[in-house]
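Reviewing the structure listed below.
The values are calculated or read from the model by the stated rules, or taken from the named source; none is laboratory data. Keep in mind that this is a model prediction, so the values were computed, not measured. Here the Cβ positions follow ideal geometry from the backbone for every residue, glycine too, while neighbour counts run over all protein chains shown. Note: areas computed on protein heavy atoms with side chains; ligands, DNA, RNA excluded. Shrake-Rupley method; radii C 1.70, N 1.55, O 1.52, S 1.80 Å.
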Amino acid sequence: MCGIVGLHLRDASLEPRLGSLLTGMLGQMVDRGPDSAGVAVYGNPVFSPAGESSVSVLDAPSDLATAVGDALGVTVGALDLAPTTVLHAPVPATLLADTVRTLAPTATVIGFGDDVTVLKGTGDPRDLAETFGLPAASGRQGVGHTRMATESAVTAAGSHPFAVGPDQCLVHNGSFSNHLSIKRELEDEGVVFDSENDTEVGARFVAKHLAEGADLEKALRLLGERFDGFYTLLVSTSDSFAVVRDPIACKPAIVAECDAYVAMASEFRALAGLPDIADARIFEPEPDRVYVWRR
């Protein structure tokens, strides 16, 4: 049992409140996942300054920003949001992430892109939100997850979101029963994994198909054809926000849609505090149907 929350803003006047709204939503899901938590924020000028890419790292050495800056010949900014370190620099996101992996092989890249910052940690999700500075964070889109570990250890690396492609994030409530066989197939194709978590297999599968030219809806339909199990997924990119449930719809999900935003959570109580929620269209996503909202 885990908790999912997500907020896709349509009304720019709400962007200064994104972090505080997401914090409130996350706090309502603590009893669904008290072990660890993670969030991804899109469009925050502190985490990801305009004109620069960013990379989120776990177990980063203290001199990583200096080493990366020396290697790339640019100034690299750093934010210490322990256990996550966020680096940003005026270079392509993939180059920045690859340089971190080369210079810090024992560290783990947990997110990268031109627009997204991923923050993860273990412990009470409410405490982690404060550590991340989430209540004060602005942005136009965010996703969050509270984890109750079932099939892998309680670690920051094992928490969600899994953000393995540029500006991509996936959070998951449920389990994939055949993930190991799909993982072996992906490894045979050269895909490298950072954890033993079944969710990472789903994220790597989606990222591979996006990189090969599929749109997000197609990638999630392909996932539904290959993966067995019970799941609700929330998947985001810099311009998309998508929800899909397994064909039995075993895991809960609720969506609120109005002119100002689209919000999704595992339970309605995480949506109840949103502005103008009384005027939103509230519905449960249908089984095996991919819902996508775009900017």
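A few points about this structure:
- Contact order relative to length of the chain, as percent, for alpha carbon pairs under 8 angstrom and 6 or more apart: 24
- Net lengthening on full extension, Phe268/Ala67 (0.36 nm per residue, minus Cα-Cα): 67.8 nm
- Cα centroid separation, segment 233-294 to segment 1-57 (Å): 15
- Length gained when the stretch Val154-Asp194 is fully extended (0.36 nm per residue, less Cα-Cα span): 13.0 nm
- Estimated D of segment 191-239 in µm² per second, where Rh is the Kirkwood radius over Cα pairs and Stokes-Einstein applies at 4 °C, 1.567 mPa s: 113
- Mean Cβ count within 10 Å, highest first, over the residues of peptides 30-36, 168-174: 168-174, 30-36
- Accessible surface of the chain, 1.4 Å probe, proportion on carbon and sulfur as whole %: 50
- Cβ crowding within 10 Å averaged over residues, with 177-183, 154-160 ranked highest first: 154-160, 177-183
- Relative to its residue count, segment 1-54 spans a Cα convex hull of 97 Å³ per residue.
- Normalised size of the chain, defined as Cα radius of gyration per 2.2 N^0.38 Å with N residues, equals 0.92.
- Those residues of segment 188-227 whose amide nitrogen sits under 17 Å from the label point placed on Thr94, 7 Å along Cα→Cβ: 190-192, 204-215
- The residues Ile254, Ile4, Ile282, sorted by heavy-atom accessible surface at 1.4 Å with ligands and nucleic acids left out, run Ile282, Ile254, Ile4 from largest to smallest.
- Accessible area, probe 1.4 Å, largest first, for residues Tyr42, Tyr291: Tyr291, Tyr42
- Summed over qualifying helices (DSSP H, 4 residues or more, each -39500 (n - 2.57)) and divided by its residue number, the chain shows a 222 nm mean residue ellipticity of -7500 deg cm²/dmol.
- Under 14 Å from the Cα of Lys251 - aspartates and glutamates, other chains or at least 8 residues apart: Asp228, Glu267, Glu284, Glu286, Asp288
- Cα convex hull, segment 175-295: 113 Å³ per residue, rounded to a whole number.
- Dimensions (Å) - segment 108-230, Cα atoms, principal axes, largest first: 40, 31, 25
- Rounded to the nearest 20, the Cβ-based charge dipole of the chain about its Cα centre (Lys and Arg +1, Asp and Glu -1) stands at 380 debye.
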